[in-house]
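Trainee: Submitted below is the structure of interest, expressed as structure tokens.
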């Protein structure tokens with residue numbers, strides 16, 4: 001049987017992150033067709049990369065996971081100084097960028113060595129996300145059998161010189177959206193590399209109970225944010241905008257419900273309710289009971305939470321500065337986007353006060369996911385990429 005290794009910086013049921021979740025669900029849906037393993041670190045926290053998992057190997061949902069120790073935790077203060085230094089200018093030496101990759105982490109040289117020494121045991125290596133140390137250091141070792149899933153977007157780091165090589169050496173590339181492909185092709189002129197555009201299949205639990213969720217937390221009208229509560233995800237601006245909205249509309253009972261790991265300090269405001277990290281069932285029930293799911297992030301390559309909301313017929317409100325999120329709204333007619341506070345306020349008012357159009361948006365959102373994000377379509381496209389990589393090696 002064809003053997004595939006997924007490489008990602010973190011992996012586990014406890015891990016909260018878009019690319020990490022994507023890696024897990026892809027691995028689990030491919031395990032019936034291939035022998036699938038995951039190569040990852042023992043870290044669960046991307047801020048420090050501290051070793052959390054104890055065992056070198058474990059089975060998670062029938063997938064063999066091989067974990068490697070992180071040799072050096074990230075020093076946040078030192079990394080911040082280095083990061084700011086490089087972001088102030090476009091031109092860096094290779095040594096400066098290597099220092100950044102090392103500091104950014106996760107520094108796991110044993111994983112790199114494992115890939116180098118065992119590459120002949122695998123038919124295909126799948127690297128998920130372009131940004132981190134593991135992809136930068138390990139993918140060149142197996143470029144002739146590598147599939148890169150970059151999850152790329154327009155951010156300062158992608159302009160580092162080293163990434164020109166990373167985006168031009170894999171045997172194939174999987175893009176999550178048309179917008180991501182267009183951006184990467186424009187940046188790296190790598191249209192010649194075999195590629196496919198596919199998102200991810202969206203699974204919704206058979207039993208979703210919004211009424212249980214709203215009763216449990218004594219909620220009525222609310223919008224919800226799902227994911228890591230972090231400034232890099234736009235949460236700082238979300239809090240400012242929502243608090244301003246409540247000041248300008250004091251009689252409006254709309255609340256903001258947060259579900260996800262907290263990295264950013266949350267305002268002490270009874271209108272903003274943080275539930276922390278919740279179970280998958282509770283997450284879906286919380287989304288299903290919301291008036292809308294909101295995603296303020298400016299940097300997204302797909303956004304599974306947006307697609308999960310749409311699958312539940314919940315319209316979304318997103319940051320219009322993110323072309324991918326804006327694209328979901330425009331292609332589906334199942335969401336709204338904003339670029340400033342007044343547009344944000346207009347979005348909230350619209351979903352609350354336009355009943356007929358809101359119901360049509362609900363239908364549009366669900367149809368968009370059913371048409372574009374079915375697992376059978378995704379898996380068939382991925383199998384074609386795997387077949388290409390293997391055939392090309394045989395020539």
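Just so you know, all these numbers are worked out from the coordinates, no wet-lab data involved. In this text, all values refer to a predicted model and were calculated from it rather than measured experimentally. Heads up, the Cβs are rebuilt from the backbone with ideal geometry, glycines too, and the neighbour counts pull from every protein chain shown.
Trainee: Is it possible to state the helix-based mean residue ellipticity at 222 nm for the chain, with each DSSP H run of 4+ residues giving -39500 (n - 2.57), the sum divided by total residues, to the nearest 500 deg cm²/dmol? What is it? Let's see the in-between values first.
Mentor: Values: 15 runs with 167 residues, N = 395.
Only helices count here, giving -13000 deg cm²/dmol.
Trainee: How far, in nm, would the chain grow between residue 69 and residue 263 when pulled straight, counting 0.36 nm per residue and subtracting the alpha carbon separation?
Mentor: Values: separation 194, 0.36 × 194 = 69.84 nm, distance 2.34 nm.
Separation in residues times 0.36 nm, less the Cα-Cα distance, equals 67.5 nm.
Trainee: Which length gain, in nm to one decimal place, applies between residue 367 and residue 78 when the Cα-Cα distance is subtracted from 0.36 nm times their residue separation? Before the final figure, lay out each step's value.
Mentor: Values: separation 289, 0.36 × 289 = 104.04 nm, distance 4.75 nm.
Going from the current span to full extension adds 99.3 nm.
Trainee: Where both partners of a DSSP beta bridge lie in the chain, what percent of those bridges are antiparallel, to the nearest 5? Before the final figure, lay out the partial values.
Mentor: Numbers: 6 of 48 bridges.
For the chain, the DSSP antiparallel bridge percentage is about 10.
Trainee: Taking only Cα atoms, what is the 0 to 90° angle, nearest 10, from helix 355-372's long axis to the longest principal axis of the chain?
Mentor: The angle comes out at about 20 degrees.
Trainee: Just to verify a number: FRET efficiency for residue 376 and residue 109, C-beta to C-beta distance, R0 = 41 Å, to 0.05?
Mentor: On the way: r = 39 Å, r/R0 = 0.96.
Efficiency, from the Cβ-Cβ distance: 0.55.
Trainee: If we count other beta carbons within 10 Å of each Cβ, what is the order of 137, 310, 198, fewest first?
Mentor: On the way: 137 19, 310 30, 198 23.
The fewest-first ordering by Cβ neighbours comes to 137, 198, 310.
Trainee: Follow-up question, since we're still on this one. State the extension gain, in nm to one decimal, for the chain segment bounded by residue 391 and residue 248, taking 0.36 nm per residue of separation less the distance between their alpha-carbons. Don't jump to the answer; show the numbers that get you there.
Mentor: Details: separation 143, 0.36 × 143 = 51.48 nm, distance 6.17 nm.
Contour length minus the Cα-Cα distance gives 45.3 nm.
Trainee: Moving on. Compute the long axis of helix 341-353 from its Cα atoms, compare it with the longest principal axis of the Cα atoms of the chain, and write down the angle in degrees, 0 to 90, nearest 10.
Mentor: That helix lies at roughly 60 degrees to the long axis.
Trainee: What list do you get for 362, 248 if you sort them by fewest beta carbons within 10 Å?
Mentor: Numbers: 362 16, 248 10.
Taking fewest neighbouring Cβ atoms as first place, the list is 248, 362.
Trainee: Give the peptides 280-291, 255-266, 77-88 in descending order of average Cβ contacts within 10 Å, highest first. Don't skip to the answer; put the middle values down first.
Mentor: Working: 280-291: 21.3, 255-266: 17.8, 77-88: 12.4.
Descending packing order for the listed peptides: 280-291, 255-266, 77-88.
Trainee: Which ordering of 49, 100 is given by a fewest-first count of other beta-carbon atoms within 10 Å? Intermediate values should be presented prior to the final figure.
Mentor: Details: 49 25, 100 21.
Neighbour counts put them in this order, fewest first: 100, 49.
Trainee: Sorted by mean Cβ packing within 10 Å, highest first, what order do the peptides 31-41, 349-359 take? Walk me through the numbers on the way to the answer.
Mentor: Details: 31-41: 19.4, 349-359: 13.5.
Packing order, densest peptide first, comes out as 31-41, 349-359.
Trainee: Can I ask one more? On C-alpha positions alone, give me the angle between the axis of helix 109-118 and the longest principal axis of the chain, in degrees, nearest 10.
Mentor: 60 degrees
Trainee: Please give the FRET efficiency for residue 360 paired with residue 143, using the beta carbon to beta carbon distance and R0 = 51 Å, rounded to the nearest 0.05. The partial results should precede the final answer.
Mentor: On the way: r = 48 Å, r/R0 = 0.93.
Given R0 = 51 Å and the Cβ-Cβ separation, E is 0.60.
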